[in-house]
1. In the range 189-215, which residues have a backbone nitrogen under 11 Å from the label point lying 7 Å from Arg283's Cα in the Cα-to-Cβ direction?
2. Using the Cα centre of the range 3-57 as origin and beta-carbon charges of +1 (Lys, Arg) and -1 (Asp, Glu), tell me which of Leu6, Gly47, Phe23 is placed farthest towards the positive end of the dipole.
3. With springs only between Cα atoms under 10 Å, which of Arg116, Arg81, Arg283 fluctuates most in a Gaussian network model of the chain?
4. Can you give the net charge of the other residues whose Cβ lies under 11 Å from the Cβ of Lys88, counting K and R as +1 and D and E as -1?
5. Can you give the extra length, in nm with one decimal, that the chain gains between Ala91 and Trp12 once fully stretched, where that is 0.36 nm per residue apart less the Cα-Cα distance?
6. What are the membrane-span-like helices in the chain by this rule: whole DSSP H runs, Cα extent along the axis at least 24 Å, mean Kyte-Doolittle hydropathy at least -1.0?
7. How high is the FRET efficiency from Lys26 to Arg74, r the C-beta distance, R0 25 Å, rounded to 0.05?
8. Sequence gap of 8 or more, or different chains, plus Cα separation below 19 Å: how many lysine pairs satisfy both in the chain?
Amino acid sequence: MKYRLLGRTGVWVSEISLGAMTFGGKEHPVYRSHGALGQEEVDRLIGTALDAGINFVDTADVYADGESEELLGRAIGQRRRDVILATKLFAPVGPGPNDQGLSRLHVMRALEDSLRRLGTDYIDLYQIHNYDQLTPIEETLSALDDAVRQGKVRYIGCSNLAAWQISKALGTSALHNQAKFVANQLHYSLLSRDAERDLVPMAEDAGLSLTVWQGLVGGFLTGKFDRGGAAIEQDSRRARNGFDFVPFDEEKGFRVLDVLRTVAERHEVSPARVAIAWLLAQRAVTSVIVGARKLEQLTDNIAASNLNLTEQDLTQLDEVSRPPIAYPNWIQQGSAPTRIPVGNQS
């Protein structure tokens, strides 16, 4: 396993991280289709991941109504010091009007609830799961800064925010000398490269880590589907859900998949492994979060850390998946200022 720095913190995290959305939710109307793993299965996945060198594990309080955190906490057990533990807050976790959002009230409540469910007295990376349109960002950041100063949180991060929202938050934190975001968890894949327009350049400029969710697009990039829409294999989130959580152009998706399979055959590995390795080769990406239901899925995903794609591989994958350049990027890229040599000015 290889490790990369988490932002500018000096903390090393594994470039493959384990997502816990598949943990729990057997009776849940939504999360039962994501995995619904029980404690014994979770214990095996966590043990395999940690033994393989993964030290970065991510969950959220909303996953399976908190059951994911409970199962994860029990699975980690005595190996807590081996884990950079991340969780998230924002979504509704109860019926009350204040059981959601990013108010100081909810931040403090959600933090205490997550600590209890995880069976720990601190969270390494505490992330806001979305942008709260109602709560001033100053209030949220102040509450998160208090949590850091209390020692209940080591670092803070965000997920699913626009570049301008993150920049505003970073500026606010700097103005008030508060803890600032060190990482951004975002969707990024060969089928969804929107992040390259603003989020990637912003992350590079601010020294922010990017951790990637849904890099396999619900299993589509594993190659388990054909052009007729039928699942070649039923063991994928897309097949179980019957819909795509992440929107994408399906026809373009199959063109990308054709090239992905070609590259995979060249290396004698799975398309999934190539898709993850491509992400690890992209600018600013620190860690790719993988979610698994079975050990063989996890071990195959972990192996992407040791797959080195060639220039030919990367060029072919880039050409088939490259999105159109958005304004004003296309005009800025072609308008480098002309330098007039000294002595030749007239």
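The values are calculated or read from the model by the stated rules, or taken from the named source; none is laboratory data. From a predicted model like this one, the values you see are computed outputs, not experimental measurements. Counting neighbours? That spans all protein chains shown, and the Cβs are built from the backbone with ideal geometry, glycine included. What goes into the accessible areas is simple: the full protein's heavy atoms, side chains included, and nothing from ligands, DNA or RNA. Shrake-Rupley method; radii C 1.70, N 1.55, O 1.52, S 1.80 Å.
1. Hits in the range 189-215 for Arg283 at 11 Å: 196-205.
2. Leu6
3. Largest GNM mean-square fluctuation: Arg81.
4. -3
5. 25.6 nm
6. 250-267
7. 0.95
8. 7
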